[in-house]
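First the structure, in the form of structure tokens, and then the observations on it.
The numbers here are math on the coordinates, done by the rules we state, and not lab data. Predicted, not measured: the structure shown is a model, and the values here were computed from it. Here Cβ is always computed from backbone atoms with ideal geometry, including for glycine, and neighbour counts include all displayed protein chains.
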Amino acid sequence: MWRTALLSALLVLGGWAAARWLTYDFQVWTDEGARRLEVALRPIEAPSVAVQGTAINASLPALLAAGGGTTVVDFFYTRCETVCLSLGSSFQQLQAALQADRATGHVPKVRLLSISFDGARDDPAALAAYAQGLRADFDLWRFVRVPDATQQAALLQRLGVVVVPDGRGDYEHNAALLVFDAHGRMVRIFDLAEQQLALDYARHLANTPP
């Protein structure tokens, strides 16, 4: 009987140790949770891909670093009629909060950047029309694409953005708010429903001395 008890104890201990390792000391229980914790522990530098938008031709790290401060980023495509609508609405609310900051005399140190992953079709003209439809304030919210398909794929993979063609010309994709610091590093990932938390964190980071 004692052998059975010992074996059972060893199995329990082994299972506990495995669960602890797989969940980062029981902090996360999903792949996405593990990804977010990994980013928080080890920020990811944005790859040096070329981005293009209205009056924008630059590398992504240079765009993120321009002017200092922090940037909240999302990924979308202009023809999307599902989750991208929620992303656009969320960014409109973030923009309104930043405009309110500016109206009180506080220069916003947080910017918004929407990156299209449909670089072949979302040219600068399409992005400009989309931005106009959302009443985007160009000083706060910019729209770009990655025109080179190879660079675009590398960017999505590096940042963990999942984009799957649905066979009908559209895409299935995940949605999140990615916060980048002034050095062009992705430092946090927030759910779409956590927009206020993302903004509060971005504000705090922007005002924290390096």
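Close contacts from the stretch 60-80, counting a first residue that is farther than 22 Å from Gln157 by Cβ and a second that is of a type in the set (Val, Ile, Thr), with Cβ to Cβ under 8 Å and a gap of 6+ residues or different chains, come to Gly69/Val110; Thr70/Val110; Thr70/Val179. Taking the numbered list (1) surrounded by fewer than 20 Cβ atoms within 10 Å (Cβ to Cβ); (2) farther than 18 Å from Phe91 by Cα; (3) in contact (Cβ under 8 Å) with a residue 24 or more places away in the chain in turn, Asp137 passes all entries but (2). Restricting the stretch 39-66 to residues that are polar (S, T, N, Q) and not in a strand (DSSP E or B), the residue that is nearest to Pro124 (Cα to Cα) is Thr54. So is Val164 β-branched (Val, Ile, Thr) and over 23 Å from Thr54 (Cα atoms) or not? In short, yes. Looking across the stretch 162-176, the residues that are in contact with a helix residue (DSSP H, G or I) (Cβ under 9 Å, 6 or more places away or on another chain), in a loop (DSSP other than H, G, I, E, B) and surrounded by fewer than 19 Cβ atoms within 10 Å (Cβ to Cβ) come down to Val162, Asn174, Ala175.
Considering (1) surrounded by fewer than 15 Cβ atoms within 10 Å (Cβ to Cβ); (2) part of a helix (DSSP H, G or I), the lone condition that Leu98 does not fulfil carries the number (1).
Restricting the stretch 102-127 to residues that are under 23 Å from Glu172 (Cα atoms) and small (Gly, Ala, Ser) leaves a set whose member that is surrounded by the fewest Cβ atoms within 10 Å (Cβ to Cβ) is Ala120. Just so you know, in the stretch 101-134 the residues that are charged (D, E, K, R) and assigned to a helix (DSSP H, G or I) include one that is nearest to Arg203 (Cα to Cα), and it is Asp101.
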